[in-house]
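Each remark here refers to the structure printed beneath this line.
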Amino acid sequence: MRRKRMHCNNKELHNRYKTKRRTKDLDQIQDDLKPENKTRLVNLPLDEDLPGLGQHYCVECAKFYIDNETLVRHRHGREHKRRLRDLKEPAYTQKDAEAAIGLSTDNGKAVSSLFGPQSLLALKQKNDATAAAETAKPQQMDVEA
């Protein structure tokens, strides 16, 4: 008799466990690392629902541990060190996202977005004109001297 293999292809089961293990995103953790938030997270009141009554918390990984020995062992581990390396990079902000698609501002004036071949051609012509103007300035100075 063949077994049913219920856990192998059960997408609902996989998605349930995937969201159960989800931790905070890096930008949320960077907010938690600010001094005023970090002291609040390290000195939490006792909570029976959390591992170790909520007293052993790794702020960088946003995880609770059952005792101090486990927390210290975690801090020497690969997962924690990898998270520290990822947290050294600045958070990706909305301003970065807008600049990536060309919606940034320059000195308070909105810069038009660069979409389509006409705008790219206009940008190339503008760059060529500024390059020509810069090369023309030193020649004019030599003539005057």
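FYI, it's all coordinate maths here, none of it is from the lab. Please read all numbers here as calculations on a predicted model, not as lab measurements. Reconstructed Cβ throughout: ideal geometry from the backbone, glycine too, with neighbour counts over all protein chains shown.
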Handout entry: Most to least packed among 69-78, 40-49 [average Cβ atoms within 10 Å]
Key = 69-78, 40-49
Handout entry: Theoretical FRET efficiency, 1/(1+(r/R0)^6), r = Cβ-Cβ of residue 27 and residue 74, R0 30 Å, to 0.05
Key = 0.85
Completion exercise
Computed from the beta carbon distance with a Förster radius of 41 Å, FRET efficiency for residue 10 and residue 37 to the nearest 0.05 stands at 0.60
Handout entry: Rh (Kirkwood; distinct C-alpha pairs) - the stretch 16-94, Å
Key = 13.6
Fill in the blank from the handout: So, with points 7 Å from each Cα along the Cβ direction, the residue 84-residue 132 label distance in nm works out to 5.7
